[in-house]
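Data first, discussion second: the structure below is written as structure tokens.
The values are calculated or read from the model by the stated rules, or taken from the named source; none is laboratory data. Note that this is a predicted model, so its numbers are computed, not measured. No Cβ is skipped: glycine too gets one built from the backbone with ideal geometry, and neighbour counts run over all protein chains shown.
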Amino acid sequence: MDGMEGARPDKEVPVGSERDCAMAKALSVIGDTWTFLVVREAFFAARRFGDFQERLGISRTTLSATLDKLVEAGVFAARDLEPGSRWKAYSLTPKGIDLFPVFLSLLAFGDRWLQKGVPPLALFHLDCRSWFAPRTLWAETGQPVRAAGIRFRIAAGYWRPAEPATRSRRPWRDGQVVGRRPCSVERTLSIVGDRWSFLILREMFHGNTRFDEIHRNLGIATNILSDRLKTLAAGGLIEGGGRGAYALTSEGEELFGPLALMKAWADRWLIPERKQNLSFEDARTGQPLTPQVVCSCCGRPVSARRVRYVTGYSLEGASDKPA
Ligand SMILES: [Zn+2]
């Protein structure tokens, strides 16, 4: 692939531009660890403020801000818990429910790479009445979603003028966020659970593997970049570095699945008129490719309403009510 670098129009960000990237749009909605975990709890039927707080051990201030953000983004809907009550009940909107494949994909990644022994959460597919594992596959070919062997096709308007760096509105990392579930999603997020880490991986999927390339393409501060690369390397997602290039490990390559699913979600919900400016196609055949999550037993796409959970653990000091 290295010999083809010149043939990759998606690789290098032109000076003064940035990617108008659906995945980055998705990350601006869900790209911090607490937000992921709050949405995850909604999939576990958390509805009230107290449910989220109890299950996540999250501070009231952070939870309140996160819930407001998710309502504003149209991922959650809020209604009065009772008429006239100052408490709200939160529920996932169709836009929120459509994030389910992203969560399943992160879960499958964590189960496969970060979990020793039996996965802590068992999934049951109502369609085929079977226990199953989520598989992230290209809908058109049934092959696992990987960056290798595909081409990134960019449309006019993919590069847009870079905006001045106003991204520091949040702390870079939310500390070592640990909810109360020994959950594979959480393990995955402990390595990649911030927006920068995802964007660094994205640059690597676009063929940018050297420190200076990633630095230039993201406009990220060098100390933050160093820190994130160290975390990604310690987590086994990338290797190499020093003066040379970094490389994705096979583990890191597999994270392309969740990222591609986030992009597909953003294409559906955050892009006006669903106008994709980046699409995936098979490098050999030119066939367009769409990521989806299917059941390992019946091979059908998995929707949130057709899955039941059994947890192999109990939450400390909390009552668990699976959906
Ligand atoms: Zn099934």
Next item on the list: Name every residue in the range 267-290 that is touching a strand residue (DSSP E or B) at 6+ places or on another chain (Cβ under 6 Å) and of a type in the set (Ser, Thr, Tyr), in order of residue number.
Entry: Ser279
Notebook entry, point to check: Which condition number in (1) under 30 Å from Ile214 (Cα atoms); (2) out of contact with any Phe, Trp or Tyr (no Cβ under 6 Å at 6 or more places or on another chain) is the one that Asp51 fails?
Noted result: (1)
Notebook entry, point to check: For the range 155-190, which residues satisfy the criterion of being at pLDDT 70 or above, of a type in the set (A, V, I, L, M) and either crowded, with 18+ Cβ neighbours inside 10 Å or closer than 17 Å to Leu114 by Cα (or both)?
Noted result: Val185, Leu189
Next item on the list: Any residue in the range 138-163 that's more than 23 Å from Pro301 (Cα to Cα): show its pairings with residues that are surrounded by 14 or more Cβ atoms within 10 Å (Cβ to Cβ) and of a type in the set (Ser, Thr, Tyr) at Cβ separation under 7 Å, as long as the two are six or more apart or on different chains.
Entry: Arg153/Ser279; Trp159/Ser17; Arg160/Ser17; Pro161/Ser17; Ala162/Ser17
Item checked: Where Gly252 falls short, out of the listed (1) of a type outside the set (Ser, Thr, Tyr); (2) farther than 18 Å from Arg195 by Cβ; (3) surrounded by 15 or more Cβ atoms within 10 Å (Cβ to Cβ) -> (2)
Check: Within the range 204-299, which strands (runs of 3 or more DSSP E) (wholly inside it) include 2 or more residues that are closer than 24 Å to Glu18 by Cβ and more than 16 Å from the ligand (Cβ to nearest atom)?
Finding: 246-248, 278-282
Next item on the list: Could you look through the range 300-313, keep only residues that are closer than 17 Å to Glu41 by Cα and assigned to a loop (DSSP other than H, G, I, E, B), and pick out the one that is nearest to the ligand (Cβ to nearest atom)?
Entry: Ser303
Notebook entry, point to check: Given the structure, is Phe132 among the hydrophobic types (A, V, I, L, M, F, W, C), within 16 Å of the ligand (Cβ to nearest atom) and in contact (Cβ under 8 Å) with a residue 60 or more places away in the chain?
Noted result: yes
